Each structure stands twice: as structure tokens, then as C-alpha cells.
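Rule-based calculations on the coordinates, nothing more; no lab input. Model, not experiment: these values are computed from the prediction. Every residue, glycine as well, gets a Cβ built from its backbone with ideal geometry; the counts of neighbours run over all protein chains shown.
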Amino acid sequence: MFYQVLISDFLNDNRVEKTTESLNRAGVDMKVLCLGREGVDYPKHEYEVKRVYLLSQNWSKFFLIQIFKFLELIFKMCLYLKKNNARVLHCNDLGGLIVGFTFKLFLERSVKLIYDSHEFQTEVHGLSKNQKKMRKFLESLLIKKVAETITVSESIALAYQKDYSIAKPVVIYNVPYLAEIKKNNKLREVFHISETDILFIYQGLISKARGVKEIAEGFMSSKNQAAHVVFMGNGPYVNEIKSLSEECHNIHYHPPVKKEELLNYSSSADFGIHLIPNTCLNHDYCMPNKLFEYLSSSLPLVVSDVHDMSNFVIKNEIGVVIKSERFDIDTLLLSIDKDKINHYKNNCKKLSKIYNWEQEEVKLLSIYNRLGVL
């Protein structure tokens, strides 16, 4: 039996969804083993999803209690995997790898482990120095016990290769399926925005941590009356954005839409904004799925000056890089015109034929071929 293992509750994890779908299409009976939370209405999937519920779920968040919760999760997951004769475990992030390694060490030595690291695990924002050291210690021990390692950007792959003296991990980008998206005026029609005005869109979590406050302030202070921004999504800062949309003619709010409709809305804008504050190496090395979603809509990008993302945008001439700490829309507008926007859009369209899930899936299936399970 084959299992995706993750210690989250598998809600809106499109990377795990895509890898599971791809493997099932290829003939691997891949299932998902994850955490479950009481009272949550989880979506249905075409493949089996086993959720593990904890007796300690509602206990205190005190540090030692959190450790006990994790141990309960590991224990229950390992028993389930043993009962169901797990042969290959696709371990997502460090928590999933700890579960997989525990199962291999104590219950089934022959199981094959694949480590799929969605982030730079030891350099995530908000970790203390001691937390980083503990993660580094655990990852350095466990990563050498896996058959294959996968990650999401070149810089993270190179860091793992250097830090742990392992073969360079396979980079599988978190990209959408290839789609032919036609240009439309959905958002311009909703908000009565002229076709001659420049329209920016921000999609995703509406949070200060994603630079939303800086983006809004940039448009509030703008002297240019022909530049608009639409915020689409939910999050802790959404009420502030709704209020600003009522006060400022060039700031608009649209509620989130279904996943299958998202790219159509993106394509009605001129630029997609994705600002990530450069507060940690995980941010500096990230290549987020939102970058590729905009690309799939042939939508030029405005991104912050984090290493991998900004290099990608500059190298491929698909948008503009700005300083992450301040969103100066007026200075940005001085550097672009309609001809430059069309140049960026044409490059995005070409690049979307390269960076799509159909291409990344080939790398994933090659890994399973090397393991002899395809």
C-alpha cells in the first residue's frame, strides 16, 4: 500500500492533491494519511483519505502537552500503516518524515520513504534559534534514511545537498495544470474600471504577513488615478481591506471564488502582485504556487526582492521586482507602459507551457519508476 503522510489536516493542500492524483492516474493506489479535527466538514476526494483523530486534540497548548499530542499522532499513524501493510510512504515536510522514519525503525524496515519538503524546513519564519537547531538535527539524521528527496526550489535543493552531503534533491515546482485561459474583463466589469486603466490583482490570504497592508497603503497614497488594485480572498486583514475599498476609488475587494474559476479572474487584470517579506531564508528561497498561478493566466508579476522569485521574474522578463518593505505604485508605474505589459504577457504565455503540472508530473513519476513501483 502507498500513502501520502502529513501531520496537517489536508485542507487546501494542492501540492498533495496533485501528487496523489498523478500517482493514481499512473496506477499507484496512493492514499492520504493525515490529521483529522472534530467539527470540520472536509471535502470529498476520488481517492481514500484516512484522518487520524486525537483524544488530546482539545487539550492545552502548553509545550509538553503539544509533544504528547504529536506522540499520540505518530503512534496512531504507525499502527494504521502497519495494519494496512504500507510499502511506500510519501512523507510531506519534516513532521511527515518523523512519522515515516518511526514506522520504518520500529515496525517495517522494508518500507521505502520519499521526503517531499514543501519549505526550507529549518529556516521557516518565526522559529527560535533552538527550534532551528532541533529541526536541523532531526532532518540531518532522517534525510539520509530516505530513498528520494524532493523539494520546491533550486536554492532549497542546493542547500540540502550542501548541508547534508546528499545527492541534490529533485525540484518539483508547485505549479497548476496547463490551462488555456482567455483574456476577459470580469473584474473591470464588476468594479467599472476603464480598459485604459492599469489593473493589479492580489489573490490569496489577506494578511499583513503577505504585504497586504503595504500594497493598500501604496494605492492609498498614489497620485495616479488610473491604477487600481483588487484584493481577492479572506484572512485576518480582510475587514480593513473592505473598509478601504469603500473609502478609496482605486482599492476594491472581491470575495474568494472557486478554485476552478480563479485563473479566469486573474486573467482579467494587468499584473498579479505577490509580495513576501524577506524575513527568513525560507522566504528568500521560496517559489510559491501563486507565482505560477499568475503565470498560467499569462499575467505579468509584481514580486518582492526575495532571491529565487525575483531572479525568476527578471531572468524570464515576466514582470517587475520591488523592495519588499515599501510598495510605491507611482514609481512602479513610471517603469511600465502598455508595450512593456504586452511583452511581459507574451513571455508569461510562453513560460506557462514549460512550468505546468503536466511537466512536473514527469519528474514525480520518474522517482517512482526508480523505486520500482511503476
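Before moving on, here are some points about what is shown:
- Relative contact order (percent, whole number), the range 49-144, Cα cutoff 8 Å, 6+ residue spacing: 22 percent
- Largest-first principal axis extents, alpha carbons of the range 186-352, Å: 38, 35, 34
- Across the range 163-182, the residues whose backbone nitrogen lies under 20 Å from the label position 7 Å along the beta-carbon direction of residue 135 are 163-166, 169-174.
- Estimated 222 nm signal from helices in the chain, with DSSP H stretches of n ≥ 4 weighted -39500 (n - 2.57), rounded to 500: -12500 deg cm²/dmol
- 0 to 90° range, to nearest 10: angle between helix 307-316 axis and the chain longest Cα axis: 50 degrees
- Beyond 23 Å in Cα-Cα separation lie the following of the pairs 18/315; 290/349; 183/258; 31/168: 18/315; 31/168.
- Among 104, 323, 315, the ranking by other beta carbons within 10 Å of each residue's beta carbon, starting with the fewest, stands as 315, 323, 104.
- Along each principal axis, Cα extent of the range 238-285, largest first, Å: 36, 28, 20
- Normalising the average separation of contacting C-alpha pairs (under 8 angstrom, six or more residues apart) by the number of residues puts the relative contact order of the range 186-352 at 22 percent.
- Helix axis angle, 14-25 relative to the chain longest principal axis, alpha carbon, degrees: 60 degrees
- Per-bin percent of Cα-Cα distances, the range 297-347 [5 Å]: 5, 21, 30, 26, 15, 2
- Spin-label model distance (nm) - residue 57 vs residue 354, 7 Å beyond Cα toward Cβ: 4.6 nm
- Compared with the dominant principal axis of the Cα atoms in the chain, helix 238-247 is inclined by about 10°.
- Pair residue 340, residue 48: separation of 7 Å Cα→Cβ label points (nm): 5.6 nm
- Using the Cβ-Cβ distance between residue 183 and residue 37 with R0 = 45 Å, the FRET efficiency computed as 1/(1 + (r/R0)^6) comes to roughly 0.65.
- 118, 192, 254, 125 arranged by Cβ crowding within 10 Å, fewest neighbours leading: 192, 125, 254, 118
- Using the alpha carbons alone, the radius of gyration of the range 161-242 stands to its Kirkwood radius in an Rg to Rh ratio of 1.15.
- Three-way shape label, the range 21-156, alpha-carbon gyration tensor, a/c 1.5: rounded
- Percent of C-alpha pairs per 20 Å bin, the chain, short to long: 26, 55, 19, 0
- Rg to Rh, two decimals, where the range 7-78 supplies the alpha carbon set and Rh follows Kirkwood: 1.04
- Overall dimensions of the range 90-239 as given by Cα atoms, namely Rg and Dmax in Å: 21.8, 66
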